[in-house]
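The values are calculated or read from the model by the stated rules, or taken from the named source; none is laboratory data. Everything numeric here is computed off the predicted structure, so don't read it as measured data. Please note that ligands, DNA and RNA were not included when accessible areas were found on the heavy atoms of the full protein model with its side chains. Shrake-Rupley method; radii C 1.70, N 1.55, O 1.52, S 1.80 Å.
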Amino acid sequence: APLSARKEAVVSTQSTGDEEQAEMEAAIDEALSNYAESEGFGDNDRFAKWASVQERYLLLSQAKRDQVELRDVTSEELAECDELYHNGKYTDMEDKLVELNTVSPHNDEVLWRLARLKWVCGKGYQSNQRHKVFHVAHALACQAAEINPDNGNAHRWIAILTFHKAEKEGVAATCLALEGIKYHLDKAVELNPEDSVAWSILGNWYFEVADMNRLQRRWMKTFAGVAAPEGTYKQALACFEKSHDIKPWIQNSYMLAKTHLRMGNKDSALVAFDRLSKSTITSAEDFRVRKESHIYLQKLGKPDFFDRIRFLITPSDKYRIPFVARDTETTYNRHWSEKFWKF
């Protein structure tokens, strides 16, 4: 078609849309005027003006939603969202998920993906804002699990976001949330036995619980008012090995090596740390894992004079290397911030 004809078609379409918008706003204004008269609000009443604006916004939003044609979300669209997530295109992914949530408001697959996206984006915010974003993400994950209780991914993200939400609220809140986290992780691996991430997180739960000493358990009982849950390194090892069998990944292999070390399997731990120290780096977390593996190899393979004295005094410390995370935190943060965060 000629350019002039196309321009006329666009103008006519825009005019039609403007007419519909004007009609919609006129109907809303009429409804609001009737509402104000029925309630007896005067023209100078500030509350009436405020209520009118709020009600107008809600009616306009509802009118626009009524014009949306609802439909089911296809597996191809969800696969596209996952691809955007793995490629780090979070803005495009958010636009796509918001669009899908508009045409399918109660879809559990869309909601837990929105929760995951909120978690990823929230990690880059300041502390207070991050806490608010994690609350929103937690609500989205809970809504997904409420719509479909058999969605293992929704339960996994409820567990993750419950921990991050409670972490900001204090140690007592984290202690109170432990049982809830365990429940949702058990549901996640029950509903989706091939979820390597859920198995690894469950292994982390058992590892941290088994790592609690008597003083920490007494503090939890006294100040948090709940008994510390039970867990063993053997249970943690079984979860890490299950995750490794499904899909090997570097963070899980690192926890597997640490669990071997806690259980006294020094040779197995050294082999695992040696393999990790030669792994390929693809993220800041991978850099941290490889750096800490180097430190473990150095301290376990060639301990210095003070480490040898400490091992003689407390033999159990041979399987606990202190300050590893502290030693590496500054190094890997500075390295990756200089490499990636120059705008």
Relative to the compact-globule estimate 2.2 N^0.38 Å (N residues), the Cα gyration radius of the range 84-125 stands at a ratio of 1.12
Rounded to whole Å², per residue accessible area for the range 95-195 with a 1.4 Å probe reads 46 Å²
Carbon plus sulfur, as percent of the 1.4 Å-probe accessible area of the range 78-135, comes to 46 percent
In whole Hz, the Karplus estimates of ³J(HN,Hα) for the range 137-147 (6.51, -1.76, 1.60; θ = phi - 60°; x where Gly or Pro) are 4, 4, 5, 5, 5, 5, 5, 5, 5, 5, 5
For the range 263-278, Karplus-derived ³J(HN,Hα) couplings (6.51, -1.76, 1.60; θ = phi - 60°; whole Hz; x for glycine and proline) come out as 7, x, 8, 5, 5, 5, 5, 5, 4, 5, 5, 5, 5, 5, 5, 10
Of the listed pairs Lys168/Lys221; Lys234/Lys278; Lys182/Lys278; Lys89/Lys118; Lys89/Lys187, those with alpha carbons more than 23 Å apart are Lys234/Lys278; Lys182/Lys278; Lys89/Lys187
Heavy-atom accessible area of Lys299, protein chains in place, probe 1.4 angstrom, given in Å² to nearest 10, is 50 Å²
Taking 0.36 nm per residue of separation between Asn128 and Lys221 and subtracting their Cα-Cα distance, the length gained on full extension comes to 30.6 nm
Quick numbers on the range 112-265, Rg and Dmax over C-alpha atoms in Å, give 15.7, 45
Length gained if Arg214 through Asp92 is fully extended, taking 0.36 nm per residue and subtracting the Cα-Cα distance, is 39.1 nm
Whole-percent carbon and sulfur contribution to the accessible surface of the range 198-254 (1.4 Å, no ligands, DNA or RNA) stands at 56 percent
